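Below: one structure, written as structure tokens.
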Amino acid sequence: MIRFLLSGIVFCALQAVAADVQPVKNAGPYVPSPQSVVSDMLRYADVGPGDFLVDLGSGDGRIVLTAAKVFGARGFGVEIKDELVKRANEAAKLEGLAERVEFIKADLFKTDISQATVITMYLLPDTVNLLKEKFLAELRPGTRIVSHDYPLTGWIPEKYVQMELEDKVQISGVTTTLIYLYVVPAKVQGQWKASMPPAVSRAPATLLLKQQLTRVSGSARLDGRDIPLEDVRLRGDRITFKLAGRKGEFSGQIKGRSIEGMLDGKTPWSATLGG
Ligand SMILES: C[S@@+](CC[C@H](N)C(=O)[O-])C[C@H]1O[C@@H](n2cnc3c(N)ncnc32)[C@H](O)[C@@H]1O
């Protein structure tokens, strides 16, 4: 029995050691974003004093430092290279920003990013896509994600800007520079029990929503009739839609498993997931 217990303990310890020594995935070489791109990334994400920004693979810290210095945000950078982390923390001290920003040496894939309201990254294209699941699992609806040069495939950007920059030639060999802005959508997939204005449905209604990232489609069951939804838009925790063939726009805010909304901005409606 004791031998059995001991071998179990040894096995668990070996597993823990194996997890610790797993090689860190290289998410991209150190190549700093030109300062003009940093400013554009932060402007497109509308960064402000209420934001907590996390730069994944923070290099010399320029994105987090600019976000704090120019836009008044707080945040941290996560970086795997010791000397870059040290340099960025020294710059934060020198610029009087150490109270609001910090740089940590860690693997970005294993870092808790749930505190972020803005994520920035300049990483390899495959890395950016490996992070999609992590973003959807950890980030709150409405969190903005800005990616320099590489898109999250299958995810429609809120904004997409292309420009030609001479500074980029020595970095990527071409002048073309891209900035993608995404907004983390709330999870709305499923059947919602809805309470609609009496003019829309007298009986309790049902909303059936299908979701693929920001794309949502579905139908409403109103007084026994199924009506398709039209012009469905989901941005963060805000949803709007129309009922096919009927007047009026429904808007709503998703709060976990409930939606509180208005029809044409004046008549309330609500819904609960799983009705
Ligand atoms: C292209 S640079 C971007 C630097 C900075 N974000 C900027 O835009 O100026 C990518 C950085 O990610 C870092 N990096 C690569 N893999 C990483 C990992 N697994 N965890 C944390 N940092 C990583 C690299 O050392 C490098 O400094």
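The values are calculated or read from the model by the stated rules, or taken from the named source; none is laboratory data. Not measured: the values here are computed from a predicted model. We place every Cβ from the backbone using ideal geometry, glycine too, and count neighbours over all the protein chains shown.
Could you please let me know if Ser114 is of a type in the set (Ser, Thr, Tyr), within 21 Å of Ala88 (Cβ to Cβ) and free of Cβ contacts under 8 Å to residues at least 40 places away in the same chain?
Details: of a type in the set (Ser, Thr, Tyr): yes; within 21 Å of Ala88 (Cβ to Cβ): no; free of Cβ contacts under 8 Å to residues at least 40 places away in the same chain: yes.
Against the criterion (of a type in the set (Ser, Thr, Tyr), within 21 Å of Ala88 (Cβ to Cβ) and free of Cβ contacts under 8 Å to residues at least 40 places away in the same chain), Ser114 does not qualify.
Go through Glu158, Glu138 for me and flag whichever is in contact with a Lys or Arg (Cβ under 9 Å, 6 or more places away or on another chain), at negative phi and of a type in the set (D, E, K, R).
Working: Glu138 fails: in contact with a Lys or Arg (Cβ under 9 Å, 6 or more places away or on another chain).
After applying the criteria, what remains is Glu158.
Hey, Val118 hits all of (1) within 14 Å of the ligand (Cβ to nearest atom); (2) loosely packed, with under 15 Cβ neighbours inside 10 Å; (3) of a type in the set (Val, Ile, Thr) but one; which does it fall short on?
Failing condition for Val118: (2).
Looking only at the range 43-67, which residues are small (Gly, Ala, Ser) and either surrounded by fewer than 24 Cβ atoms within 10 Å (Cβ to Cβ) or near the ligand (Cβ under 10 Å from one of its atoms) (or both)? Walk me through how you get there before you give the answer.
Of all residues in the range 43-67, those small (Gly, Ala, Ser) come to 45, 48, 50, 57-59, 61, 67.
Listed by number, the residues that qualify are Gly48, Gly50, Gly57, Ser58, Gly59, Gly61.
Restricting the search to the range 148-171, which residues are without any contact (Cβ under 8 Å) to a residue 40 or more places away in the chain and within 14 Å of the ligand (Cβ to nearest atom)?
Those that are without any contact (Cβ under 8 Å) to a residue 40 or more places away in the chain and within 14 Å of the ligand (Cβ to nearest atom): Asp149, Tyr150, Gln170.
Where residues in the range 129-145 are in contact with an Asp or Glu (Cβ under 9 Å, 6 or more places away or on another chain) and buried (at least 18 other Cβ atoms within 10 Å of the Cβ), which of them is farthest from Gly236 (Cα to Cα)?
At the first step, the residues of the range 129-145 found to be in contact with an Asp or Glu (Cβ under 9 Å, 6 or more places away or on another chain) are 138, 140-142, 144.
From the residues that got through so far, the ones that are buried (at least 18 other Cβ atoms within 10 Å of the Cβ) too are 141, 144.
Numbers: Pro141: 5, Arg144: 9 Å.
So the residue we want is Arg144.
Would you mind telling me which numbered condition in (1) more than 20 Å from Leu165 (Cβ to Cβ); (2) within 6 Å of the ligand (Cβ to nearest atom); (3) at pLDDT 95 or above Val24 fails?
(3)
Going through the range 96-133 one residue at a time, which ones are among the polar types (S, T, N, Q), within 13 Å of the chain's Cα centre (by Cα) and assigned to a loop (DSSP other than H, G, I, E, B)?
Start the filter on the range 96-133 by keeping residues that are among the polar types (S, T, N, Q), which leaves 111, 114-115, 117, 120, 127, 129.
Applying the additional criterion that residues be within 13 Å of the chain's Cα centre (by Cα) yields 114-115, 117, 120, 129.
Those that are among the polar types (S, T, N, Q), within 13 Å of the chain's Cα centre (by Cα) and assigned to a loop (DSSP other than H, G, I, E, B): Ser114, Gln115, Thr117.
Of these, Ile179, Ile156, which one is under 23 Å from Asp237 (Cβ atoms) and among the β-branched types (Val, Ile, Thr)?
Details: Ile179 fails: under 23 Å from Asp237 (Cβ atoms).
The match here is Ile156.
Taking the range 27-42 as the search range and keeping residues that are surrounded by 15 or more Cβ atoms within 10 Å (Cβ to Cβ) and of a type in the set (S, T, N, Q), which one is farthest from the ligand (Cβ to nearest atom)?
Among those residues, the one meeting the criterion is Ser39.
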